[in-house]
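Before any comments, here is the structure.
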Amino acid sequence: MKSGRQITRRRLLRGMLAGSAVTVGLPILDCVLNTNGTAFASTGSALPARFATWYWPLGLGEDDWTPKVSGTNYTLPPQMAPLKPLQKKLNFFTGGQVFLDGQSNNVHFTGLQGLMTGKVANSREYLGSIDALISQVIGSGSRFRSIEVACAGSPRDCWSARADSGVQPAEISPVALYGRIFGAEFKDPNAAEFTPDPDVMLKKSVLSGIAEERQSLMKRLGAADRDKLDNYFTSLRELEQKLQIQLQKPEPLPSCSIPKPLPTDHEPAVTLATDAIERANLFGGLLAHALACGQTNVTNLAISRPQSGLRKGGDATAHHTHTHEEQIDTKLGYQPVCRWFTDQYMSALAQFVTKLDGIKEGDRTLLDSMVVFAFTDHGAPRLHSVRNYPILTFGNGGGRIKTGMHIGRPGDQVTRVGLTIQQAMGVQTSSWGVGSNRVTSPISEVFA
């Protein structure tokens, strides 16, 4: 691991493509790590901590999904079956609730307000979410303090909010995010001069633009790092090929007519759940790249808004409506269509986490250096419950958190999970929350 000390951990490959500058970040190579693969050889500093949030709408359904026992010897509920291969790398928190303290339960919002910001207010104030507090500690020094994406077509479908500027607008296009990540420098996507041309960039792989630097670097690496980069560049090219499909002109449809332009304050919506999941998987690949290559240490993904309008193919009824109107099948014991949606969300979550766990960093993986916080808006969606929230975390935060556990704490403040994660990520705080949601002690059993 010492042979390539001259290669810095912040090494980027730069080149030109169709007259535009491109930059490709590199994953952490063995040659910049110490002999144990646990820290950077040049400074002795630990590998960077990373944090991600992953939001899915409308809980886990109306049937009983809470495991009967706490600890490591528990069974994941059927609703979370796609996560079974990852059970040893996740923690499942149940029983926590948001206390209203006399405030109204603004359904699909108040619970998230309390869970993510520690405060419940009828004013619908939403400032200083968990991820933003963490990004103040681990987000500086990278190109992007954080990256937010939304999969159903609206930049407002986002639960990341800074204390000084409120909710952050989310990127809704994987192609546009690709342009931001591989552009020469970070630019404000809302600025008038921001004009990346992802079409040009994708017609010819960015790997072509950095070919000369790439070849030079490969000659200086050991066999293990060469294999790692080969796998990395192959994965990047596969992602580009998937994005290219979205840029291809579709076959003409004679019956298709051009609708009137939408008002400027509307964004194109995704209506099929399968389309939102496909977008989530594309975003997941780009976010994994950004995290692995030090372009950001904090990401936030939202599948849809809480009152999800996503539909199953061939069905005109949206998921949100199904949670209220679909009857529980007496033989199955649950709402079959609602379960179908949950399966889609959990499968996409599993794919994202598996991708992170497949990226090697020394003797560990990217997932081992981070915490993925997966959350939803209600315990029981039909009842708009702010009790018994299902919360998932993945990864051990660089050795700070033990995993493989179910932590059931019926009636406890859900903010205790947030305080625990903040402390694990290095936020110097001994309390969090307001009123009955204020907590002063974390969930100590998950700390390593």
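The values are calculated or read from the model by the stated rules, or taken from the named source; none is laboratory data. As the structure is a computational prediction, the values presented were derived from the model and not from experiment. Heads up: the accessible areas ignore ligands, DNA and RNA and are worked out on the full protein's heavy atoms, side chains in. Shrake-Rupley method; radii C 1.70, N 1.55, O 1.52, S 1.80 Å.
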Sum of -39500 (n - 2.57) over DSSP H runs of 4+, divided by residues of the chain (222 nm, nearest 500):
-9000 deg cm²/dmol
List the residues, sorted by chain then number, that are 5 or more residues from Leu310 or on another chain and whose placed amide H is less than 5 Å from its amide H.
His319, His320
Taking square-rooted eigenvalues a ≥ b ≥ c of the alpha carbon gyration tensor, is the stretch 305-448 rounded, prolate or oblate, where a/c under 1.5 means rounded and, failing that, a/b exceeding b/c means prolate?
oblate
Pairs Lys84/Lys312; Lys89/Lys219; Lys312/Lys360; Lys204/Lys228; Lys242/Lys312; Lys68/Lys402: which exceed 28 Å Cα-Cα?
Lys89/Lys219; Lys312/Lys360
Sorted by chain and number, the residues with a modelled amide H under 5 Å from that of Phe447, at a separation of 5 or more or across chains, are Lys402
Can you list the HN-Hα couplings for the stretch 294-300, worked out from phi with the Karplus curve (6.51, -1.76, 1.60; θ = phi - 60°), rounded to whole Hz and with x for Gly and Pro?
x, 7, 7, 10, 9, 10, 9
Taking Rh as the Kirkwood radius, which is the inverse of the mean 1/r over Cα pairs, what is the Rg/Rh value for the stretch 43-185?
1.00
Mean-square fluctuation check for the chain, GNM, Cα pairs under 10 Å: which of Asp343, Asp315, Asp357 is largest?
Asp315
Anyone know which of Gly128, Gly398, Gly141 comes out most mobile in the 10 Å Cα GNM of the chain?
Gly141
Ignoring ligands, DNA and RNA, please state the percent of accessible area on the chain from carbon and sulfur, probe 1.4 Å.
51 percent
If you count only protein heavy atoms and use a 1.4 Å probe, how large is the accessible surface of Ile172, to the nearest 10 Å²?
30 Å²
Principal axis box of the chain, alpha-carbon based, largest edge first, Å:
62, 62, 45
Top to bottom by accessible area (1.4 Å), largest first, where do Glu361, Glu445, Glu171 land?
Glu445, Glu171, Glu361
Sorting Met218, Met346 on solvent-accessible surface, 1.4 Å probe, most exposed first, gives Met218, Met346
For Phe352 the rounded accessible area (nearest 10 Å², probe 1.4 Å, non-protein molecules ignored) is 10 Å²
Could you give me the percent of Cα pairs per 5 Å distance bin for the stretch 364-420, shortest bin first, beginning at zero and ending with the bin that holds the maximum distance?
4, 16, 25, 23, 15, 10, 6, 2, 0
Mind checking the per residue accessible area of the chain for me, 1.4 Å probe, whole number of Å²?
44 Å²
Using a 1.4 Å probe on the protein heavy atoms only, what accessible surface does Thr38 show? Give it in Å² to the nearest 10.
60 Å²
What does the convex hull of the Cα atoms of the stretch 259-362 come to per residue, in Å³, rounded to a whole number?
153 Å³
What is the set of long-range amide H partners of Glu171 at a cut-off below 5 Å, with H atoms built 1.01 Å from backbone N?
Glu148, Val149, Ala150
Considering only DSSP beta bridges with both partners in the chain, what is the antiparallel share in %, to the nearest 5?
50 percent
What order do Glu148, Glu213 take when sorted by accessible area (1.4 Å probe), most exposed first?
Glu213, Glu148
